[in-house]
Amino acid sequence: MKSRILGAAALTAVAALALSGCAGGAGGGDSAPIKIGSVNTLSGAATFPEASAAAQAVFDRVNADGGVNGHQIEYTTVDDKGDPASATAAARELVGSEEVVALVGGASLIECEINQDYYGQEGVLSMPGIGVDTGCFNSPNIAPVNLGPFNDMTLTLLNGSENLGLDDICVLLEIAGSTKPAYLAGVEKWTEITGKEPLLVDDSLPYGGSDYTPYIVKAKNAGCKAIAVNGIEPDAIGQVKAAQAQGWDDVTFLFLTSVYSENFASALEWAGAGVHVPAEFFPFTEDNEINADWKSLMEENDIALTSFSQGGYLAAMNFVEVLQGMEGDYTRESVATALHEMAPIDSPMVAFPYQFDKIAAQDFTPGGWPVVLKSGTKAWEKAADDWLLPAS
């Protein structure tokens, strides 16, 4: 397997090229490699390394078992650094120069929005392990395996108001790029379902903030009983610790799946009235057959057990299943056709079947599994016996 991260100089050079459309012929011939890529945010204020690492582990295993119908998979990962110019260059390197047949298993803070038009122009499809920005959820060429942070926001609010019976919920948002309208739409969807509204909405939280005390004090003084926050793991840890420092012992935290990790749990002795998350995938802290293959593969490759690695694993597994059902050469065109025509893939790790076109069109019912981190436990627990669905 080929896996590499392109340096800054290479990305700058690629950005300067005016690449024309390519045939995407990689994978043709009796034993030609199948070239796949992914754009990822691996450095910068917010990073997502586990998704592509998990996808690589799946492809490595497939290659070790003989590949896909005799074809080895070549997987190239590129770091966009959370920077628009780098994200633009990364896509053009993979699609234009490397001639990948598809993009699979990545996780980037911004790349979908930056590159969605280019992917459409070049006829390449993308199956992110974790879709983050709004472009991942409004393009016919992009279909992440996760439900996304905007649906996640609706679910975490539903979990708080309907499962936990909380009133006076406040919403605190970290906004990257043009994600504000989508996050607010997630809040509005909760209002449409429940008829309830947040006590406060503050969209001024910074990514990678050094001190979240002013925001926590503002929410506490406003009378919030719970705060719904879209912070990534290190930011969320800082927000919880800021509340602890203020002696806000009865606050309930309603976070997104991005904080659902063993590292987050082990970093906190105190969690107020509890940290509640609607896990986008089946709770990985449960020791059962549902997550057994993913967990063993991650442990073999020293990859963190997180929702991000679950997403990368599922994207790669789904993609390999589609490849295995194909006949003939693996070209960009034939792979795109196979993804458009694929039958739904069911997995107990997610609340909904994966079918590229339906996911790209957001024609599905998102669901999350409520989990909780209680003060003093340093371990996540299931907080429900089934998926939380907006219609329920």
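The values are calculated or read from the model by the stated rules, or taken from the named source; none is laboratory data. This is a predicted model, so every value here is computed, not measured. Quick reminder, even Gly has a Cβ in these numbers, built from the backbone with ideal geometry, and neighbours come from all protein chains shown.
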Hits in segment 183-207 (condition: part of a helix (DSSP H, G or I), among the hydrophobic types (A, V, I, L, M, F, W, C) and surrounded by fewer than 18 Cβ atoms within 10 Å (Cβ to Cβ)):
LEU184, ALA185, ILE193
Given the condition over 20 Å from ALA315 (Cβ atoms) and modelled with pLDDT of 95 or more, answer yes or no: does some residue in segment 65-77 qualify?
yes
Looking only at segment 18-35, decide whether some residue is closer than 26 Å to VAL322 by Cα, touching a helix residue (DSSP H, G or I) at 6+ places or on another chain (Cβ under 8 Å) and modelled with pLDDT of 80 or more.
yes
Exactly one condition in (1) more than 25 Å from ILE110 (Cα to Cα); (2) surrounded by 24 or more Cβ atoms within 10 Å (Cβ to Cβ) is not met by THR156; state its number.
(1)
Scan segment 147-161 and tell me whether some residue there is part of a helix (DSSP H, G or I) and under 30 Å from ASP329 (Cβ atoms).
no
Pairs returned, first residue in segment 186-213 that is more than 24 Å from SER161 (Cα to Cα), second residue that is surrounded by fewer than 16 Cβ atoms within 10 Å (Cβ to Cβ) and modelled with pLDDT of 95 or more, beta-carbon separation under 9 angstrom, 6 or more apart or interchain, are THR213/ALA245; THR213/GLN246
Residues of segment 208-226 being in a loop (DSSP other than H, G, I, E, B) and either of a type in the set (Ser, Thr, Tyr) or more than 29 Å from the chain's Cα centre (by Cα) (or both), which ones?
SER210, TYR212, ALA222, GLY223
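Conditions (1) outside any helix (DSSP H, G or I); (2) not aromatic (Phe, Trp, Tyr), marked per residue:
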| site | (1), (2) |
| --- | --- |
| ASP302 | yes, yes |
| ALA316 | no, yes |
| GLU327 | yes, yes |
| THR337 | no, yes |
| HIS340 | no, yes |
| SER347 | yes, yes |
| PHE352 | yes, no |
| ILE359 | no, yes |
| TRP369 | yes, no |
So PRO144 passes all but one of these: (1) buried (at least 24 other Cβ atoms within 10 Å of the Cβ); (2) not in a loop (DSSP other than H, G, I, E, B). Which condition number does it fail?
(2)
Among the residues that make up segment 276-294, is at least one of them modelled with pLDDT of 95 or more, surrounded by fewer than 20 Cβ atoms within 10 Å (Cβ to Cβ) and part of a helix (DSSP H, G or I)?
yes
